[in-house]
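Working notes, beginning with the structure itself.
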Amino acid sequence: MTSYWNAFRVIFLRDIILASRYRAELANPLIFFIMVIVLFPFAFGSDPDLLRRVTAGMIWITALLASSLSLEGIFRSDYADGSAEQMVLSGYPLTLLVAAKIAAHWCLTGLPLIIIAMLTAYLLSLPTQALQALFLTLFLGTPVLSLIGAIAVALTVGLRSGGMLLSLIILPLYMPILIFSMLAVENAMADIPFDAELYFLSGMLVLSVTLAPIATAYSLRIRMS
Amino acid sequence: MLKQFHQLVSPKYFYNLAVLLTPWFAWLTILLMIAGLYGGLVFAPADYQQGESFRIIYVHVPSAWMSLFIYVVMAVAGGVGLIWHIKIADVVAKSCAPIGASFTFLALATGSLWGKPMWGTWWVWDARLTSELILLFLYLGYMALQSAFDDRRVAARASAILALVGLVNIPIIHYSVEWWSTLHQGATVSKMDAPSIHIDMLIPLLIMALAFKAYFVTIVLLRSRTEILEYECNSSWVSKLLNKVESRT
């Protein structure tokens, strides 16, 4: 039992340490996120009323894109240098190791993204009553993005057409999360309770925590065979 | 029993079976299609509200049914191939994808042709339309992944996983989209939700649905035959078969 926990911790810490050695790479998704957000007022005009209505949507769409771009690297170096093969052969359940990698990835990209998103929400004058809803949906939704995305990354890692193919595969799977998050934020802006949407998001989080690591591990095995 | 099953799933046996069955299903398709089209275009009465233009239902609804049906067939075949390593299942799953995508596209295209006179617009962000569009994206993603690999076995297994993930997601997508659009805008005109449809209109519709199913089986058999020949191009029975064809011409 303890050795399983150890394996999880070792992989988790390894990814955190590896990322902290390449800090610039860590900042890239966040800078991308801010830059895309800044593009929106240029496109729509800086009318505060308009921005207030579309801010949450802009933040969520940009988060989807940033997540699918940053996910691409989650298995890339492991696949290239053979450590993914070592993980498959290690004797520990691959599902557990993959879960550790996904958890580390979310801590490194998802969490900072939420903080930055909250700051940009202020910047774009999102009504204060919607801030809490935006935070909760991002908090529940971004792990689901990482978990579902990891399956597709494991399937496409090392392919010629990797990045584009990845987005093509995962964006349709991301749609329910976007829909429920936007409904929650909209309800919050209209001062209506948004518990139901949060329950749905939590349900999807539970479902993907349970199933996605298994599917990811299986996909990695197929790619290694 | 088990031996018979193994025989059935061997590519050579399946190929011969497919060759045998293809003309039967092709004729069945033609007969049902003629019966259904005659019933739908001539026999069925015009709708009291929509007039003659409702007759597009005989293409639109069966293709919408097929789009989802084929996705399920594809995912289940992929899963069978994944679990029991049955080559035929991989072949069937791969041949399903373009047919399913075509039916999904057909459902969307006929739907928008129907929507223009009825709703006055080619496209509305209605729940059914949107989830059908997402289904098309799922098909396209599956086909893109399938074609990204050089190794057929890896391609089959990787895309089977994607199809299964999509299968789990389809109900979630469907209900989320339904919830989204019912909260966004009032219920949109949706003919099939009417309490019932007149029996004279229903029978041709069901015949057309069967015709589309038979058409699907025919095309899957044809596509699987070519797939098997490509898959097995190094085996002796294929080269024997090809030699026979060559000597005959």
Looking at region A:2-224 from every direction and averaging, what is the projected area of its Cα convex hull in nm²? 12.5 nm²
Can you give the net charge of the other residues whose Cβ lies under 14 Å from the Cβ of residue A:78, counting K and R as +1 and D and E as -1? +1
Among B:124, B:139, B:72, which residue has its Cα furthest toward the positive end of the charge dipole of region B:72-160, with +1 on Lys/Arg Cβ and -1 on Asp/Glu Cβ? B:72
With charges only on Cβ, +1 for K and R and -1 for D and E, what is the dipole size of the protein assembly as shown about its Cα centre, in debye, rounded to 20? 1500 debye
What angle, in degrees between 0 and 90 and rounded to the nearest 10, separates the Cα long axis of helix A:162-189 from the longest principal axis of the Cα atoms of chain A? 40 degrees
Charges on Cβ only, +1 for Lys and Arg, -1 for Asp and Glu, centred on the Cα centroid of chain A; of A:16, A:118, A:130, which one is farthest towards the dipole's positive end? A:16
Report P(r) for the protein assembly as shown: all Cα-Cα distances, bin width 10 Å, range 0 to the bin holding the largest distance, values in whole percent. 4, 17, 24, 23, 18, 10, 3, 0, 0
Gap in Å between the Cα centre of region A:17-42 and the Cα centre of region B:99-122? 41 Å
At 222 nm, what value in deg cm²/dmol follows for the protein assembly as shown if DSSP H runs of at least 4 each add -39500 (n - 2.57) and the sum is divided by all its residues, to the nearest 500? -28500 deg cm²/dmol
Check cross-link reach from residue A:101 to the aspartates and glutamates: straight Cα distance under 19 Å, and skip same-chain residues fewer than eight apart. A:15, A:25, A:72, A:78, A:81, A:85
Length released on extending from residue A:195 to residue A:44, taking residue separation times 0.36 nm less the Cα-Cα span: 51.3 nm
Measuring from the longest principal axis of the C-alpha atoms of chain A, the long axis of helix A:111-123 (C-alpha) lies at a number of degrees, nearest 10, equal to 10 degrees
HN-Hα couplings for region B:86-92 via Karplus (6.51, -1.76, 1.60; θ = phi - 60°), in whole Hz with x for Gly/Pro, come out as 9, 4, 4, 4, 4, 4, 5
Dividing the mean separation of Cα pairs under 8 Å (6+ apart) by the residue count of chain B yields a relative contact order in percent of 34 percent
Under 30 Å between C-alpha atoms, the lysine pairs in region B:60-225 lying 8 or more places apart or on different chains count 5
The set of residues whose placed amide H lies less than 5 Å from the amide H of residue B:47, leaving out same-chain residues fewer than 5 positions away, is B:54
Pairwise centroid distance, computed over Cα atoms, of region A:168-211 with region B:227-242, Å: 49 Å
Going by alpha carbons, how many degrees (0 to 90, nearest 10) lie between the helix axis of B:11-38 and the longest principal axis of chain B? 20 degrees
Taking 8 Å as the Cα distance limit and 6 or more residues as the minimum spacing, I'd like the relative contact order of region A:2-224 as a percentage. 27 percent
Compute log10 of I(q)/I(0) for region B:60-225 with the Debye formula, placing one identical point scatterer on every Cα and leaving out solvent, at q = 0.10, 0.15, 0.16 Å⁻¹, to two decimals. -0.42, -0.88, -0.97
If I build a Gaussian network model for chain A, linking alpha-carbon pairs within less than 10 angstrom, which residue out of A:203, A:91, A:57 has the largest mean-square fluctuation? A:91
Given charges at Cβ of Lys, Arg, Asp, Glu: chain A dipole, positive-most of A:185, A:98, A:163: A:98
How long, wide and thick is region B:10-87, going by the Cα atoms along their three principal axes, in whole angstroms, largest first? 54, 26, 10
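Only the coordinates and a few stated rules stand behind these numbers; no lab work does. Source: prediction; values computed, not measured. Positions of Cβ are generated from backbone atoms using ideal geometry, with glycine treated the same way; all protein chains shown enter the neighbour counts.
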